[in-house]
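So the structure is just underneath, and the comments pick up after that.
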Ligand code: FPP
């Protein structure tokens with residue numbers, strides 16, 4: 001059960017790892033390493049707060065264009081994360097899923113992802129989606145192709161049919177998007193799911209994003225009036 005007032009589904013664009021490292025004269029990959037530590041803490045905070053779903057943007061489909069060494073290190077970090085955190089996820093009742101284009105991931109990483117998804121599939125706590133090799137437009141196109149191949153009559157599909165076939169499945173609406181690192185854009189993240197999302201932008205670089213600020217973002221969301229395109233009088237929760 002979700003505690004009242006909480007956003008059901010939060011998405012986070014974890015930006016600023018490279019700058020965090022640059023400021024300290026460290027290689028960019030050190031920023032990503034610290035970024036993973038922050039992610040673990042925020043996953044725990046989100047789960048303890050009683051969120052229904054958390055989606056973290058770990059590697060965008062555009063990130064494949066980064067220098068080979070950075071891509072390699074990010075893949076290594078994801079590999080390491082899955083190896084070391086699978087027990088934590090399982091023991092904390094978290095259901096883990098990867099969203100994104102898996103065809104571009106290595107066989108080894110796909111194996112670890114499937115293992116983690118299978119192990120946690122019966123859990124009943126928070127859903128954790130890790131967006132890897134993810135792009136919102138790519139997700140929409142893959143979904144259309146998949147549905148056409150499965151025999152859906154694409155001239156008749158409704159919003160709901162489409163939404164549940166996206167990588168995010170039943171968690172197809174995101175309520176709050178947090179972006180660290182000072183930029184104010186969506187960067188191809190959850191573009192269908194974020195149709196009515198609220199946004200929280202912060203200059204804080206991801207490796208400095210604490211659970212206190214995370215709770216503050218949620219508190220800030222709580223103060224807002226969500227109208228979903230209608231007038232205040234017509235929205236009831
Ligand atoms: C962008 O920072 C951030 C990323 C490419 C995501 C990296 C995220 C992690 C390493 C955390 C992964 C989380 C888990 C749970 C495995 P940037 O390099 O664009 O920073 P910059 O804008 O300062 O250059």
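Regarding the stretch 159-169, can at least one residue be identified that is closer than 15 Å to residue 193 by Cβ, touching a residue at least 24 places away in the same chain (Cβ under 8 Å), buried (at least 21 other Cβ atoms within 10 Å of the Cβ) and out of contact with any helix residue (DSSP H, G or I) (no Cβ under 6 Å at 6 or more places or on another chain)?
Scanning the stretch 159-169 turns up at least one residue that is closer than 15 Å to residue 193 by Cβ, touching a residue at least 24 places away in the same chain (Cβ under 8 Å), buried (at least 21 other Cβ atoms within 10 Å of the Cβ) and out of contact with any helix residue (DSSP H, G or I) (no Cβ under 6 Å at 6 or more places or on another chain).
If residue 67 meets every condition in (1) at pLDDT below 95; (2) closer than 27 Å to residue 215 by Cβ apart from one, which number is that one?
(2)
Taking residue 192 as meeting all but one of (1) assigned to a loop (DSSP other than H, G, I, E, B); (2) touching a strand residue (DSSP E or B) at 6+ places or on another chain (Cβ under 9 Å), write down the number of the exception.
So the condition that residue 192 fails would be (2).
Return the residues of the stretch 197-214 that are out of contact with any strand residue (DSSP E or B) (no Cβ under 7 Å at 6 or more places or on another chain) and either surrounded by 13 or more Cβ atoms within 10 Å (Cβ to Cβ) or modelled with pLDDT under 95 (or both); say none if nothing qualifies. Steps first, answer last, please.
So in the stretch 197-214, the residues out of contact with any strand residue (DSSP E or B) (no Cβ under 7 Å at 6 or more places or on another chain) come out as 202-214.
Hits for the stretch 197-214 are 202, 204, 205, 206, 207, 208, 209, 210, 211, 213, 214.
The values are calculated or read from the model by the stated rules, or taken from the named source; none is laboratory data. Treat the numbers as computed from the prediction; the structure is a model and nothing was measured. Cβ coordinates were reconstructed from backbone atoms using ideal geometry, including for glycine residues, and neighbour counts include every protein chain displayed.
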